[in-house]
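Written below as structure tokens is the structure these notes are about.
The values are calculated or read from the model by the stated rules, or taken from the named source; none is laboratory data. Since the structure is predicted, the reported quantities are computational estimates derived from the model, not experimental observations. The protein model used for the area step is the full one, side chains on, heavy atoms only, and it has no ligands, DNA or RNA in it. Shrake-Rupley method; radii C 1.70, N 1.55, O 1.52, S 1.80 Å.
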Amino acid sequence: MAEKIKLSGVPETMLQTVYARAKESTGRGVIQDKKALEIIDELDYDFSLADKDTAMRSGVIARTLVLDRLVGAWLAKNSGAVVVNIACGLDTRVYRLDNGRIRWYNLDLPQTMAVREKLLPESGMISQIAMSAMDDWGSKIAEQDVPALVIIEGLIMYLSEADVKRIFAVIS
């Protein structure tokens, strides 16, 4: 039975972005995101508005291509690294780039992480942190003194300048 998801506002965008990646995977195939396809197959959700929003879908695909290349190149040079994916939503980058040596932390608000846990129950090298990016999440990162990459994709545009400064203070 398909998982019924009810979200609105900013949290709902995570459904649209995973849908965009799944649709691209079965369309032109510029990216291949098997995990996004699995998630979409599990959902009972009306994606008709996302189908009509070609600008959003194109933006998601462009952002995915650029960040996958940048993150992949960085990981290739930083074996044993830690990645913190802030405002992860239903991002599946770890499944596209995993080389078996990445310690990956997905971080988002508790409401979002509850949805993610239902659709992407993760363990092992992938951990979930349910809290605000503006809170002190650094104590949740087990590894210290290793190369770290922080990804913030699709969040900053929703925040005030003060909130953005707070996130960067937490990162530093």
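Please work out the Kirkwood hydrodynamic radius for the stretch 91-140, using every pair of different C-alpha atoms, and report it in angstroms with one decimal place.
Values: mean 1/r = 0.0868 Å⁻¹.
Value: 11.5 Å, from the Cα pair sum.
When every alpha-carbon pair in the stretch 53-111 is counted, what percent end up more than 13 Å apart?
Tail fraction, whole percent: 65.
The accessible-area ordering, largest first, of the residues Met131, Met14 stands as Met131, Met14, per a 1.4 angstrom probe. Too long at a 32 Å Cα-Cα cut-off: which of Lys35/Lys140; Lys34/Lys77; Lys23/Lys165? Lys23/Lys165, as the Cα separations exceed 32 Å there.
If you model the chain as an ellipsoid using its alpha carbon gyration tensor, with each semi-axis the square root of five times an eigenvalue, the axes come out at 25, 19, 16 Å, biggest first. Once C-alpha pairs closer than 8 Å and six or more residues apart are averaged by separation and normalised to the residue number of the chain, the relative contact order reads 20 percent.
For the chain, the fraction of 1.4 Å probe accessible surface lying on carbon and sulfur atoms is 54 percent.
One quarter of the surface of the convex hull around the alpha-carbon atoms of the stretch 112-172 equals 5.0 nm², the direction-averaged projected area.
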